[in-house]
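The values are calculated or read from the model by the stated rules, or taken from the named source; none is laboratory data. On a predicted model such as this, the values are computed, not experimentally measured, just so you know. Positions of Cβ are generated from backbone atoms using ideal geometry, with glycine treated the same way; all protein chains shown enter the neighbour counts. For the accessible areas, the whole protein counts, side chains as well, though only heavy atoms, and no ligand, DNA or RNA atoms are used. Shrake-Rupley method; radii C 1.70, N 1.55, O 1.52, S 1.80 Å.
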Amino acid sequence: MIHLLQLGLTDYQTALELQATLVELRKQKRIGDALVLLEHPPVITLGRNASESNLLVSRDTLAARGIQVFETNRGGDVTFHGPGQLVGYPIFDLRGLHIGAIEYVRRIEEVLIRTCGDLGILCQRIPPLTGVWAQSSVPAKIAAIGVHISRAVTSHGFALNVSTDLESFKLIVPCGISNKPVTSIAQEIDLSARPMPSLGDAANMVSTNFGRVFHQQVLWCESLDVLLRSAAQPESDPDDIPSAPPEELRLLHGDDTHLA
């Protein structure tokens, strides 16, 4: 079973701390697999393979524009997150799914390809690159993927451009690939055939396709507290979950919630 938590707009540092907490609990088998869906304020992240030269403006310029920069342990190069982009952080134990790292990434790609297909947008993979590309005369990247796996437990994940301001990608060389553009659902969808989905609509479609591709039931959790209590393994004591989350997490959506 996949336990789904939708957080809405969440700053990147808070999301990192949440992931670290959930990963540790998953390693201890104190929660089950979880999928966190959210969006971030403007932020640029660099993966462990990133080159500083792929930042096309100085960090001071970015800071003056209110754009944070984080160096992370995920795979991949540099990417941008911002409003209108659906970001997903699966916290999965791959041993329980009986798949390896490459198959895991391919399944995430399949989730996003199916989601775009549900909206009438044909997408594809472009080996050996990672991610999802809208099919056109010049393929354009509509979703980026960068993951970290420790002791078979995953973190980080994917970013699907729904209605993202694509101008922000001009601040970087997206994913270190200079010869292919970036696109979004808003750019590719045929509005004469279907309405533009909201970020919530996209989240619902992605979560449905996660269930289909990973062959798991998806259980929606209305808060972090519900996720922890619902996802706890039967052999766990739900009152024996250590560590309080950061203050920002406790106050998300009015929840005064501790990981305890």
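Quick look at the values:
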quantity: Leading residue by the ranking (farthest from Cys175 (Cα to Cα)) among those in the range 109-142 that are open to solvent by 50 Å² or more (accessible area, probe 1.4 Å) and outside any loop (DSSP other than H, G, I, E, B); calculated: Asp118
quantity: Looking only at the range 5-50, and only at residues there that are in contact with a Lys or Arg (Cβ under 8 Å, 6 or more places away or on another chain) and assigned to a strand (DSSP E or B), the one that is nearest to Asp225 (Cα to Cα); calculated: Ala34
quantity: Subset of the range 63-76 (residues that are among the aliphatic types (A, V, I, L, M) and under 17 Å from Leu166 (Cβ atoms)); calculated: Ile67
quantity: Those residues of the range 198-218 which are outside any helix (DSSP H, G or I) and either surrounded by 15 or more Cβ atoms within 10 Å (Cβ to Cβ) or in contact with a Leu (Cβ under 8 Å, 6 or more places away or on another chain) (or both), in sequence order; calculated: Gln216, Val218
quantity: Exclusive hit being of a type outside the set (Val, Ile, Thr), in contact with a Phe, Trp or Tyr (Cβ under 9 Å, 6 or more places away or on another chain) and more than 20 Å from Pro83 (Cβ to Cβ), set Pro127, Pro139; calculated: Pro139
quantity: Inter-residue pairs, beta-carbon under 7 Å, first of a type in the set (Lys, Arg) and in the range 163-183, second open to solvent by less than 40 Å² (accessible area, probe 1.4 Å), 6+ apart; calculated: Lys180/Pro139; Lys180/Ala140; Lys180/Lys141
quantity: The range 111-151: number of residues that are under 30 Å from Glu17 (Cα atoms) and free of Cβ contacts under 8 Å to residues at least 40 places away in the same chain; calculated: 3
quantity: Residues of the range 42-60 classified as under 15 Å from Glu167 (Cβ atoms) and either of a type in the set (A, V, I, L, M) or open to solvent by less than 10 Å² (accessible area, probe 1.4 Å) (or both), total; calculated: 3
quantity: The range 15-33, residues that are small (Gly, Ala, Ser) and within 12 Å of Val153 (Cα to Cα); calculated: Ala20, Gly32
quantity: Leading residue by the ranking (nearest to Asn179 (Cα to Cα)) among those in the range 90-107 that are surrounded by fewer than 24 Cβ atoms within 10 Å (Cβ to Cβ), within 18 Å of the chain's Cα centre (by Cα) and among the aliphatic types (A, V, I, L, M); calculated: Val105
quantity: Residue in the range 31-41 that is open to solvent by 20 Å² or more (accessible area, probe 1.4 Å), touching a strand residue (DSSP E or B) at 6+ places or on another chain (Cβ under 9 Å) and either polar (S, T, N, Q) or at pLDDT below 95 (or both) present; calculated: no
quantity: Residue ID - surrounded by the fewest Cβ atoms within 10 Å (Cβ to Cβ), chosen from residues in the range 152-176 that are under 25 Å from Leu22 (Cβ atoms) and touching a Phe, Trp or Tyr at 6+ places or on another chain (Cβ under 6 Å); calculated: Gly157
quantity: Selected residue (criterion: farthest from Ser178 (Cα to Cα)) from residues of the range 116-159 that are in contact with a strand residue (DSSP E or B) (Cβ under 6 Å, 6 or more places away or on another chain) and among the hydroxyl-bearing types (Ser, Thr, Tyr); calculated: Thr154
quantity: Subset tally (residues that are open to solvent by less than 10 Å² (accessible area, probe 1.4 Å) and over 15 Å from the mean Cα position of the chain (by Cα)) for the range 61-89; calculated: 1
